[in-house]
Amino acid sequence: MSGVRYLRLLATQLRVSLALGMQYRWDFLLGAVMTVVWTLVGLVPLHIALAARPPVEGWTYERALVVVGWFTLLKGVLEGAVNPSLLSVVDQIRKGTLDFTLLKPADAQFLVSTARFEVRKVVDAAAAVAIFAYAFTKMGRAPAPADMALSLGLLVTATLVLYSICILVISAAFWVVRLDNLAYLFNSLFDFARWPVTVFKGFWRIVFTVIVPLALMTTYPAEAMLGTIAWRTAAAAALGALAFGVVARAVWKRAIGRYTSASS
């Protein structure tokens, strides 16, 4: 199956998700409004911790807002494009009905990853842009074009890491059927990504940089946008993201080899 056909399939899945979402327009609008509300509520801890106070590990309130912007954007990716599709796979594995996906003439990982989208979560992207605009207005400058390009490149690596971690979690369902708590645990850990990783010390900085690389998801893109990231760090982030993707793909292939359908 060619890349063009996969793009057409993705476009079809997006159209179906949009049509399903717009069937209940008030629910769609209410969900969008609640997204904005929760984004504003999420800014409160940062405001309390850093507004009108000395910088923490070099992070002023305005600079830390850029990290929150990336967190908001990645949260939209997680809840709008990753979780809706992948979490339903756990139920299919439990019931033994994943056959309907595996028998289709397309890559199974692609199909389970694009089965459903929450289109209303695009509001998170708009909220992230608003946070970026506010933060840089407070700083009295705009991001340089080269810094903006690098931050967008790191957005790709951040999305790949986020997606790969979710694939690893879902793949574990082939061995441990009940994975609800593990999925909730990751979502809880992801909330720490709203803070710059350098505010953590010792063991927790290692955890959020290497084991669950939250730094790669939000802090590094923020540093790139601010023009403070080292090129060596950006290159290491890209290589780390590729490694996560390769490992996730290998684990997924091994996991579906263990799958036993309801008819087996």
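The numbers here are math on the coordinates, done by the rules we state, and not lab data. Please read these numbers as outputs of a predicted model, since none were measured by experiment. Neighbour counts run over all protein chains shown; Cβ positions are idealised from the backbone, glycine included.
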Legend entry - the chain: angle of helix 83-95 to the longest principal axis, Cα-based, in degrees nearest 10: 30 degrees
Inset, instruction - Any chance you could give the angle, 0 to 90 degrees and rounded to 10, that helix 122-139 forms with the longest Cα principal axis of the chain? - result: 20 degrees
Legend entry - Degrees, to the nearest 10: 3-22 long Cα axis against longest axis of the chain: 80 degrees
Legend entry - Pairwise centroid distance, computed over Cα atoms, of segment 216-230 with segment 101-171, Å: 15 Å
Legend entry - Student exercise, segment 3-256 dipole from Lys, Arg, Asp, Glu Cβ charges, in Debye to nearest 20: 320 debye
Legend entry - Proximal lysine pairs, the chain, alpha carbons under 23 Å, eight or more residues apart or interchain: 4
Inset, instruction - For the chain, with a Gaussian network of springs between Cα atoms less than 10 Å apart, report the residue from 245, 202, 80 with the top mean-square fluctuation. - result: 202
Legend entry - Ellipticity estimate at 222 nm from DSSP helix runs (n ≥ 4, -39,500 (n - 2.57)) divided over the chain, nearest 500: -22500 deg cm²/dmol
Inset, instruction - Using only C-alpha positions, report the orientation-averaged shadow area of the convex hull of the chain, nm², one decimal. - result: 15.5 nm²
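Tell me the chymotrypsin sites (Phe, Trp or Tyr not before Pro) within segment 1-90 that lie in a loop according to DSSP and have at most 15 other beta-carbon atoms within 10 Å. Don't skip to the answer; put the middle values down first.
Details: sites: 6, 24, 26, 28, 38, 59, 61, 70, 71; in loops: 24.
Taking segment 1-90 and a limit of 15 other Cβ atoms within 10 Å, the loop chymotrypsin sites (Phe, Trp or Tyr not before Pro) found are 24.
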Inset, instruction - Hand me the GluC sites (Glu not before Pro) from segment 1-105 located in a DSSP loop with no more than 13 other Cβ atoms within 10 Å, in residue order please. - result: 57
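What FRET efficiency comes out for the pair residue 41/residue 4, r = Cβ-Cβ distance, R0 = 35 Å, nearest 0.05? All intermediate terms of the calculation are to be shown ahead of the outcome.
Numbers: r = 43 Å, r/R0 = 1.22.
For R0 = 35 Å, the calculated efficiency reads 0.25.
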Inset, instruction - Would you look at the GNM of the chain, springs on alpha carbons closer than 10 Å, and say which of 206, 131, 170 moves the most? - result: 206
